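All remarks here apply to the structure that follows.
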Amino acid sequence: MSDQPLLIALAAVQFLVHALGWAMAARVTQRWRDAEGHFAAHWLLLAVGLALFVPAWQSGSPLRNLADLLIVAAIALQHRGMALYWGQRPSNRGYLALLVFMAVTIVLSFAASNGHGLRVAGVCVGVGVVLLATVRLIWQHGRRETPMFTVVVAGSYGLLALALLARAVQALSVGAATKISIDAPGHSNVPLAILVLFVGGLINLAQIRLVLGRVLQHLTRQAQTDALTGTANRRGLMQHLVGVHLRAQQGGQGYVVLMVDVDHFKAVNDEHGHAEGDNVLKRVAQNLRDGLRAGDVVARWGGEEFCVLLPAIGLAEASALAERLTVQIASAGTPRVTVSIGVAEVQAVAEEPEGVIRRADVALYRAKKAGRNRVVSAASFVPA
């Protein structure tokens with residue numbers, strides 16, 4: 001008794017489980033039109049297409065032709081899902097052309113002497129070419145971020161694609177009376193079914209790795225972002241600050257910290273309400289972002305206080321920048337608000353990042369005590 005039907009059925013069940021998992025992911029994330037939804041449809045069509053190879057349908061029968069079209073469509077959906085994951089918006093014309101190619105191949109096969117082999121070759125070429133296109137997509141976009149992962153996944157996709165293209169050549173070279181579809185005995189079909197089963201599981205793990213990576217990145221950004229203003233929060237700023245401070249200790253350029261406080265913010269809340277107070281904070285945050293350089297980091301430190309990290313800058317230039325910020329904020333929007341800013345430059349490799357922030361905070365206190373709406377620089381750091 002042949003082992004092919006059992007192996008094909010196992011692969012179909014495995015792919016159906018993948019489809020259910022991705023359908024749950026798409027439902028939870030509401031990403032039916034994004035990668036998650038495409039992956040769910042990919043595995044479902046692939047499972048149904050393979051399941052149609054388990055019964056002993058005749059080659060060229062409507063159900064077998066449907067299975068061929070479903071498998072090609074499934075691989076097209078997989079490629080489109082990958083493209084969407086990498087931020088591309090692929091045209092549907094290429095995928096429609098692929099399906100038309102498969103349909104024309106099926107029609108022409110009925111007039112060919114080796115129609116069965118032509119149909120098998122059509123499926124293998126269609127799937128193999130799309131898999132190679134997916135390899136190119138993964139290699140282009142994933143090599144820099146996850147080199148080891150990219151090599152493994154691209155290698156798996158490429159291995160299956162080459163095996164299918166070799167099968168296409170084999171299908172066209174055998175006699176017309178020889179059956180070479182995956183459910184037929186012989187012709188290396190058992191190893192091919194095992195390869196499909198193994199690489200299918202690996203492809204699903206690759207998809208999970210990609211999407212989970214995106215979810216983790218999103219959660220990390222959320223954990224480091226202030227929900228109201230969209231700036232970094234205290235945790236996010238400290239992560240940047242530790243890296244900049246380490247580079248300064250290793251002989252790199254220094255940095256400056258600005259502590260920015262909205263003057264008389266309680267009065268804004270009391271007079272205009274908390275909703276308008278929130279709008280003021282968002283406006284100040286946007287003004288800070290607009291007035292800074294690329295690479296500078298703005299964070300909401302707490303309440304109406306912001307902290308700004310200025311890498312690779314000196315105290316004089318940073319103080320001038322802070323003066324421009326006070327003018328810009330004071331002239332932007334209503335209700336009109338002003339800010340006081342304390343400025344501190346890292347002074348020595350012995351100073352810790354928290355020490356720079358403390359000195360900037362002391363300078364901020366001096367600015368507020370001196371009348372607000374002004375910039376005050378911190379005293380130099382003196383090692384203990």
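The values are calculated or read from the model by the stated rules, or taken from the named source; none is laboratory data. Nothing here was measured: the structure is a model prediction, and the numbers come from that model. With ideal geometry, Cβ positions are generated from the backbone for all residues, glycine too; neighbour counts draw on all protein chains shown.
Tabulated values for the structure
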quantity: Residues that are among the charged types (D, E, K, R) and farther than 17 Å from Ile194 by Cα, drawn from segment 1-39; calculated: Arg27, Arg31, Arg33, Asp34, Glu36
quantity: Residues of segment 59-91 satisfying the condition of being out of contact with any helix residue (DSSP H, G or I) (no Cβ under 7 Å at 6 or more places or on another chain) and either among the β-branched types (Val, Ile, Thr) or outside any helix (DSSP H, G or I) (or both); calculated: Ser61, Gly87, Gln88, Arg89, Ser91
quantity: Options Thr225, Thr229; residue that is surrounded by 15 or more Cβ atoms within 10 Å (Cβ to Cβ) and without any contact (Cβ under 8 Å) to a residue 12 or more places away in the chain; calculated: Thr225
quantity: Criterion: of a type outside the set (Asp, Glu) and in the same structural domain as Gly314 (by TED's automatic domain parsing) - qualifying residue of Val211, Val256; calculated: Val256
quantity: Residues being outside any strand (DSSP E or B) and either of a type outside the set (Gly, Ala, Ser) or loosely packed, with under 15 Cβ neighbours inside 10 Å (or both) - total across segment 250-267; calculated: 9
quantity: Filtered residue count, segment 54-69, keeping only those that are without any contact (Cβ under 8 Å) to a residue 60 or more places away in the chain, of a type in the set (A, V, I, L, M, F, W, C) and within 24 Å of Ala41 (Cα to Cα); calculated: 4
quantity: Evaluation of Gly302 against (1) modelled with pLDDT of 90 or more; (2) closer than 18 Å to Leu228 by Cα; (3) of a type outside the set (Phe, Trp, Tyr) (one fails), failing number; calculated: (1)
quantity: Residue that is part of a helix (DSSP H, G or I), more than 30 Å from Thr29 (Cβ to Cβ) and of a type outside the set (D, E, K, R), where the choices are Gly128, Gly94; calculated: Gly128
quantity: Residue in segment 233-240 that is assigned to a helix (DSSP H, G or I), over 21 Å from Arg324 (Cα atoms) and among the basic types (Lys, Arg) present; calculated: yes
